[in-house]
Amino acid sequence: MRIVRVQDAPFDFGAEAQSFADAQTGMGAVVTFTGIVRDLDGALTRMVIEHYPGMTEKALSAIAEEAHARWSLGGSLIIHRHGTLGPDDMIMMVATASRHRKDAFEAAMFLMDYLKSRAPFWKKEETGGAAEWVAARDEDEDALKGWE
Amino acid sequence: MNIMYFAWVRERIGAPSEEVETGAATVTDLVEELRGRGARHEAAFADLSALRVAVDQELADFDAPLSGAREVAFFPPMTGG
């Protein structure tokens, strides 16, 4: 079971995690992660996430496919939002299920690392009157090298 | 060919996409043609190391061939997650 969703609307992390776990059979481990809009200095008014419709779904599906090829997974879930978000809103979540926890943890890390730098999303932070595109970080690109 | 722009590239160009007639053999050739369209395009393509490109919705290199391509997108490094 592989689920990829790109959506404007908020999602219910608890309900999504429960539904994902309920759908698994014979799996000993479910790992979940969710990313949340940070407001490091209390000035963020909103974050706007732009994406590339069509390519986004393809890129996320390809990343999930690669995870399933590398690890023994019963299922995977990727939800990523676009549009306008506020501080402390959930941006995205991933979930992985496997017979043993190591596969689930590693696959979740892999999904996170790849969608940071290989899925066509761009974040713009608005603080007061200013708006600035979030720059890609070298650390995120370096994280991919560990999976090559 | 449909050319698409995202994030600050879109803002510099001033449009999310444009149709161009081109015989460019590679992405780099296409960039050279687009630069000739004016100051906005010059600004958007001033530093290619700050750009990424997708050909028909697959990440590609700037020396990628364009024969048969229908859609080329330019954007800054991605920041998902």
**Members of the stretch A:27-55 found to be open to solvent by less than 60 Å² (accessible area, probe 1.4 Å) and under 20 Å from residue A:120 (Cβ atoms), listed by number** = A:35, A:37, A:47, A:48, A:49, A:50, A:51, A:52, A:54, A:55
**Message:** So in the stretch A:130-141, with the set limited to residues that are assigned to a helix (DSSP H, G or I) and open to solvent by 80 Å² or more (accessible area, probe 1.4 Å), which one is farthest from the other protein chains (Cβ to nearest Cβ)?
**Reply:** A:139
**Message:** Tell me whether the stretch A:58-80 contains one or more residues that are open to solvent by less than 40 Å² (accessible area, probe 1.4 Å), within 14 Å of chain B (Cβ to nearest Cβ), charged (D, E, K, R) and under 23 Å from residue A:120 (Cα atoms).
**Reply:** no
**Fill in**
Cβ pairs under 8 Å, 6+ apart or interchain, first in the stretch B:58-81 and free of Cβ contacts under 8 Å to residues at least 24 places away in the same chain and facing chain A (nearest Cβ under 7 Å), second of a type outside the set (A, V, I, L, M, F, W, C) and part of a loop (DSSP other than H, G, I, E, B), ordered by first then second residue, are B:80/A:120
**Fill in**
In the stretch B:25-57, anything under 20 Å from residue A:138 (Cα atoms), within 14 Å of another protein chain (Cβ to nearest Cβ) and not small (Gly, Ala, Ser) is listed as B:47, B:51, B:52, B:53
**Asked** If you go through the stretch B:25-51, how many residues are assigned to a loop (DSSP other than H, G, I, E, B) and either touching a strand residue (DSSP E or B) at 6+ places or on another chain (Cβ under 9 Å) or at positive phi (or both)?
**Response** 5
**Request:** State which residue is surrounded by the most Cβ atoms within 10 Å (Cβ to Cβ) when the search covers only the stretch B:1-30 and only residues that are among the hydrophobic types (A, V, I, L, M, F, W, C) and without any contact (Cβ under 8 Å) to a residue 40 or more places away in the chain.
**Result:** B:13
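The values are calculated or read from the model by the stated rules, or taken from the named source; none is laboratory data. Predicted model only: the values in this text are computed from it and were never measured. FYI the Cβ positions are ideal-geometry reconstructions off the backbone, even for glycines, and counts take in every protein chain you see. We work out accessible area using only protein heavy atoms, side chains counted, and drop any ligands, DNA or RNA first. Shrake-Rupley method; radii C 1.70, N 1.55, O 1.52, S 1.80 Å.
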